[in-house]
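What follows is a short report on a single structure.
The values are calculated or read from the model by the stated rules, or taken from the named source; none is laboratory data. Quick caveat: nothing in here was measured; it's all calculated off a predicted structure. Note that each Cβ is placed from the backbone with ideal geometry, even for glycine, and that neighbours are counted across all protein chains shown. Remember, those area values only see protein heavy atoms, side chains included, never the ligands or the DNA or RNA. Shrake-Rupley method; radii C 1.70, N 1.55, O 1.52, S 1.80 Å.
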Amino acid sequence: MTKKYQRILAVLLVLLFGAQMVHMGLQNKPEEVEIVVEDPLLIWYTDPDIQTYMEEAAAQIAARYKVDVRAELVSEVDYIEHISERSVAEEMTGPDVYVASSALLEKAVLAGLAAPVTDRDLTGTYSEKAVHAVTYDNDPVAWPFYIETCVMLYNRYYVEPEEVPSDIEDILTYAENFESDDLTSRVENIFKWNVADVIDNYMFMGAYTDLGGPDGDDKSQVSMDLEQITECMNYYQSLNEFFAIDADTVTSEEVIQGFIDGKTVFTIVNVPMLAELDRAVREGRIPEYPTERTAVGEDGEETVESLNYEPFYQVAQLPALTDSLDSRGLSVTNGVVVNPYSSNVEAAKACARYLTQEQAGKLYEQTGKLTACKSRLGEEGSTEEEEERSFLGYESLYEKLLGSGKSTSKTGNEHLIVYEAYEKAAEVPKIMELSNMWLQLEVVLADIWRGQDAGEEMTSFSELLKEQLD
């Protein structure tokens with residue numbers, strides 16, 4: 001090939017590459033939608049924690065699209081029933097858009113209250129796990145909004161990196177070897193969690209329970225391995241002897257405050273508890289720790305180590321129970337649903353995308369909720385540090401960090417580990433017959449913690465689930 005043709009080929013390749021980059025940029029650019037509506041767009045939600053976010057987002061949607069948008073906080077009692085009643089009335093006064101947890105989606109679909117989501121490449125915007133969470137009968141019926149799950153926390157002043165437990169047996173070993181000194185003098189609890197919270201406790205049975213398959217909507221895939229679960233529950237019950245947590249009085253507020261105050265070494269927390277911890281760190285509501293300590297080597301020689309951990313805590317995956325009994329957490333994904341009874345369905349869909357995508361970077365700061373939306377890495381003007389600090393984009397960034405060989409526990413972004421835990425967790429089922437299972441399971445777990453026979457309790461619970469599904 002002559003040099004002339006080589007130059008022509010090189011130019012063509014450059015032009016082709018440029019065209020591809022422009023095409024990819026257009027794909028990632030939010031779709032501009034012209035909205036023409038006659039009536040105000042109404043958005044309903046039930047969580048007061050997101051009130052500021054929803055009101056600000058509604059105002060921004062209104063300004064952007066030149067329409068009247070109202071966000072209204074309503075009661076969560078009979079939520080879907082009220083939406084249905086208001087939607088099918090002679091005059092439709094129900095919401096055009098509403099926020100609902102994944103557990104409510106079957107009820108919403110069967111009531112005809114969830115317009116299908118037909119967006120292309122939904123898993124390119126949200127994680128595959130989040131899309132499964134809002135899928136019913138193989139079709140996405142909501143836009144993933146924010147997530148909930150549990151992780152373990154430990155105090156970095158009390159635990160060396162090589163001592164981080166992989167299972168609860170390791171925590172018990174730590175407790176047996178624990179000695180109080182100037183650094184650990186505040187410690188009152190080696191391991192404490194809310195044993196009255198079913199989401200926190202689900203880890204003790206989650207590895208051996210299936211809640212309806214990948215989408216949580218298949219009754220034939222609801223199952224419990226009673227033999228393994230009974231063994232897990234016996235182990236769970238035995239922990240009461242070591243940690244003596246009162247199921248009648250313990251609260252999540254007390255648990256996280258004890259960790260903030262340096263009184264607890266290890267704990268299990270959900271996302272709202274983590275948000276409270278982050279607020280305490282930002283506001284300086286944490287104790288002062290010694291700036292150095294004296295370490296004695298194997299040869300008896302003393303050395304002085306400087307101490308300065310920011311933040312003072314670290315997030316870790318949920319520990320296994322033992323080397324032979326695994327654990328698995330629980331997750332809840334809240335989504336934004338479009339009401340097909342709306343006279344402005346396309347406008348409502350634009351609102352759903354705006355709430356869950358374009359405004360999602362403000363979600364954690366304003367509400368303490370972690371977004372289900374992934375970031376678009378490599379956008380112009382985005383540095384690696386900004387990407388790592390972003391509350392968007394856990395999956396893309398997590399994969400990038402894995403590819404670079406970095407450990408997620410050392411990136412400075414603890415939320416990445418929460419998202420990794422979310423990906424591993426079991427989502428709450430959508431199956432309507434199981435809607436009351438959490439209240440029943442909460443009672444069962446509390447009874448086992450107090451000393452009731454674990455095998456009998458779990459067998460009765462399993463039979464109850466079967467009766468409800470038949």
Practice item. Please go through segment 173-198 and pick out each residue that is in a helix (DSSP H, G or I) and farther than 25 Å from Asp323 by Cβ. Key: Val198
Revision key, fill the gap. Just one listed residue, out of Val151, Val117, is surrounded by 17 or more Cβ atoms within 10 Å (Cβ to Cβ) and in a loop (DSSP other than H, G, I, E, B), and it is Val117
Review point. When segment 172-208 is examined, which residues are found to be open to solvent by less than 30 Å² (accessible area, probe 1.4 Å), among the β-branched types (Val, Ile, Thr) and within 30 Å of Met432 (Cα to Cα)?
Key: Val195, Val198
Point to revise | Count of segment 127-148 residues which are within 13 Å of the chain's Cα centre (by Cα) and closer than 12 Å to Tyr422 by Cβ | key: 8
Point to revise | Cross-chain or 6+ apart pairs with Cβ under 9 Å, segment 176-188 first and farther than 14 Å from Asn155 by Cα, then among the basic types (Lys, Arg) | key: Asp181/Arg293; Asp182/Arg293
Point to revise | Sole residue being touching a residue at least 60 places away in the same chain (Cβ under 8 Å), crowded, with 16+ Cβ neighbours inside 10 Å and in a helix (DSSP H, G or I), chosen from Ala108, Ala100 | key: Ala108
Point to revise | Those residues of segment 154-169 which are open to solvent by 60 Å² or more (accessible area, probe 1.4 Å) and over 24 Å from the mean Cα position of the chain (by Cα), in sequence order | key: Pro161, Glu162, Glu163, Glu169
**Study point:** Residue satisfying all of: in segment 420-470; of a type in the set (Val, Ile, Thr) and surrounded by 15 or more Cβ atoms within 10 Å (Cβ to Cβ); nearest to Gln228 (Cα to Cα) among these
**Key:** Thr459
Check your understanding: Which one is most open to solvent (accessible area, probe 1.4 Å) among residues in segment 61-80 that are more than 18 Å from Asn344 (Cα to Cα) and touching a residue at least 24 places away in the same chain (Cβ under 8 Å)?
Key -> Glu76
**Study point:** Among the residues listed as Thr322, Thr333, the single one being open to solvent by less than 30 Å² (accessible area, probe 1.4 Å), closer than 30 Å to Asp68 by Cα, touching a residue at least 24 places away in the same chain (Cβ under 8 Å) and among the polar types (S, T, N, Q)
**Key:** Thr333
Practice item. Could you please find all residues in segment 150-197 being touching a strand residue (DSSP E or B) at 6+ places or on another chain (Cβ under 9 Å) and closer than 26 Å to Val443 by Cβ? Key: Cys150, Val151, Met152, Ile168, Asn189, Phe191, Lys192, Trp193, Asn194, Asp197
**Study point:** Filtered residues of segment 285-312 (kept if within 35 Å of the chain's Cα centre (by Cα) and open to solvent by 50 Å² or more (accessible area, probe 1.4 Å))
**Key:** Arg285, Ile286, Glu288, Thr291, Ser306, Asn308, Tyr309, Glu310
**Study point:** Members of segment 358-375 found to be surrounded by fewer than 20 Cβ atoms within 10 Å (Cβ to Cβ) and under 18 Å from Asp121 (Cβ atoms), listed by number
**Key:** Glu358
Check your understanding: Looking at this structure, is Val159 part of a loop (DSSP other than H, G, I, E, B) and within 30 Å of Phe259 (Cα to Cα)?
Key -> yes
Point to revise | Flag for Arg86 being farther than 18 Å from Pro429 by Cβ, touching a strand residue (DSSP E or B) at 6+ places or on another chain (Cβ under 7 Å), open to solvent by 40 Å² or more (accessible area, probe 1.4 Å) and among the charged types (D, E, K, R) | key: no
